[in-house]
1. Exactly one condition in (1) closer than 30 Å to residue 97 by Cα; (2) assigned to a loop (DSSP other than H, G, I, E, B); (3) away from ligand 1 (no atom under 12 Å from the Cβ) is false for residue 210; which is it?
2. Residues being within 14 Å of ligand 2 (Cβ to nearest atom) and without any contact (Cβ under 8 Å) to a residue 40 or more places away in the chain: count how many of those fall in the range 138-170.
3. Could you identify the single residue in 286, 306 that is within 25 Å of residue 213 (Cβ to Cβ) and buried (at least 19 other Cβ atoms within 10 Å of the Cβ)?
4. Which of the residues belonging to the range 184-200 are near ligand 1 (Cβ under 9 Å from one of its atoms), crowded, with 21+ Cβ neighbours inside 10 Å and closer than 19 Å to residue 233 by Cβ?
5. Would you call residue 133 assigned to a helix (DSSP H, G or I), more than 19 Å from residue 97 (Cα to Cα) and within 16 Å of ligand 1 (Cβ to nearest atom)?
6. So the check is Cβ under 6 Å with 6+ separation or different chains; which pairs have a first residue in the range 184-197 that's farther than 21 Å from residue 220 by Cβ and a second one that's within 11 Å of ligand 1 (Cβ to nearest atom) and in a loop (DSSP other than H, G, I, E, B)?
7. Residue check, residue 176 against (1) part of a loop (DSSP other than H, G, I, E, B); (2) within 16 Å of ligand 1 (Cβ to nearest atom); (3) farther than 28 Å from residue 292 by Cα; (4) touching a helix residue (DSSP H, G or I) at 6+ places or on another chain (Cβ under 6 Å), all met but one. Which one?
Ligand code: AMP
Ligand code: TRP
């Protein structure tokens with residue numbers, strides 16, 4: 001059986017990187033797989049946060065899922081804290097995970113930065129909770145952006161460690177699905193930095209809820225270089241290459257096809273075309289998000305129904321885990 005699981009943190013606005021690297025893939029996969037998509041609120045508290053913002057962001061990310069085209073009838077959409085499997089299995093898996101494996105995680109090093117002594121135990125254990133998210137549903141495929149590759153490898157290692165330790169063939173090893181042209185979308189201000197929620201410049205990213213004028217303005221202001229033509233060269237023309245990548249992903253074509261199409265064009269003309277394409281594709285998503293945000297009752301209903309369905313899948317698996325691990329249910 002094939003089952004898809006993926007998650008996005010409710011830590012701020014969804015941006016074009018989330019959309020092209022993850023959400024578009026989520027939407028495509030709902031046609032062919034049983035899909036479970038999670039707003040990972042338990043991961044969002046691994047860094048300092050504000051409770052009111054967490055609640056608002058959880059609704060906003062849910063609205064972003066729906067506005068991008070996820071169908072709550074066909075897939076399970078819920079927030080992680082509402083299914084008790086996640087922290088339960090997370091704890092159990094943390095007892096099987098050697099510290100040496102966690103010490104290699106680059107995301108922890110980036111997020112903790114120089115303040116390693118102040119970083120929380122939760123931030124350190126973040127990838128173990130992520131493994132629980134995935135394998136606790138017996139998920140086989142996990143669509144993510146490039147930056148999650150290392151966490152997915154760890155999830156496979158943890159699933160394998162459980163199977164070996166208890167002599168069972170219980171958890172399938174989940175496959176990362178890192179496909180498409182835009183698995184790593186870069187900042188619009190600096191082509192060597194990943195587009196991210198945490199960049200202090202709002203001009204570095206397109207937010208999924210930006211209106212049409214804002215989208216157009218941000219693309220117009222996007223940094224480029226002085227070369228006149230449209231050529232892909234990630235090393236020497238990082239900003240221009242990122243815009244080509246974004247165009248290809250938005251148009252569902254390849255970078256090569258974009259470069260061929262604009263072979264005789266000036267870069268400024270290409271940028272105009274990209275701006276139009278982005279407004280056409282992303283404008284309606286932002287508008288639908290706004291409409292959904294005005295109807296929190298509907299959004300909460302989707303999450304409530306999703307949580308029930310998530311629990312119905314995960315809790316029987318969790319029961320089996322506890323049986324295998326030797327917990328007495330008297
Ligand atoms: P996060 O916002 O960190 O919870 O990420 C949610 C999903 O979006 C993950 O699958 C990430 O790999 C993906 N993602 C985040 N930033 C980018 C980016 N700049 N380019 C491509 N994918 C991204
Ligand atoms: N760590 C992922 C990120 O920052 C989010 C995430 C949490 C996730 N649990 C997951 C992604 C399970 C895929 C599957 O992007």
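The values are calculated or read from the model by the stated rules, or taken from the named source; none is laboratory data. Just so it is clear, the model here is predicted, and its values are computed rather than measured. Virtual Cβ from ideal backbone geometry, glycine too; neighbours counted across all protein chains shown.
1. With respect to (1) closer than 30 Å to residue 97 by Cα; (2) assigned to a loop (DSSP other than H, G, I, E, B); (3) away from ligand 1 (no atom under 12 Å from the Cβ), residue 210 is out only on (1).
2. Within the range 138-170, the subset within 14 Å of ligand 2 (Cβ to nearest atom) is 138-156, 158-159.
Remaining after also requiring without any contact (Cβ under 8 Å) to a residue 40 or more places away in the chain: 148-149, 152-153, 155-156, 159.
Qualifying residue count for the region: 7.
3. On the way: 306 fails: within 25 Å of residue 213 (Cβ to Cβ).
Of the residues listed, the single one that is within 25 Å of residue 213 (Cβ to Cβ) and buried (at least 19 other Cβ atoms within 10 Å of the Cβ) is 286.
4. Hits for the range 184-200 are 185, 186, 187.
5. Numbers: assigned to a helix (DSSP H, G or I): yes; more than 19 Å from residue 97 (Cα to Cα): no; within 16 Å of ligand 1 (Cβ to nearest atom): yes.
No; evaluated as a whole, the condition is false for this residue.
6. Correct list of pairs: 197/11; 197/12.
7. So residue 176 meets the others, but not (1).
Condition check ((1) without any contact (Cβ under 8 Å) to a residue 60 or more places away in the chain; (2) within 16 Å of ligand 2 (Cβ to nearest atom)) across all residues:
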{"residue": "92", "(1), (2)": "no, no"}
{"residue": "108", "(1), (2)": "yes, yes"}
{"residue": "111", "(1), (2)": "no, yes"}
{"residue": "123", "(1), (2)": "no, yes"}
{"residue": "135", "(1), (2)": "yes, yes"}
{"residue": "172", "(1), (2)": "yes, yes"}
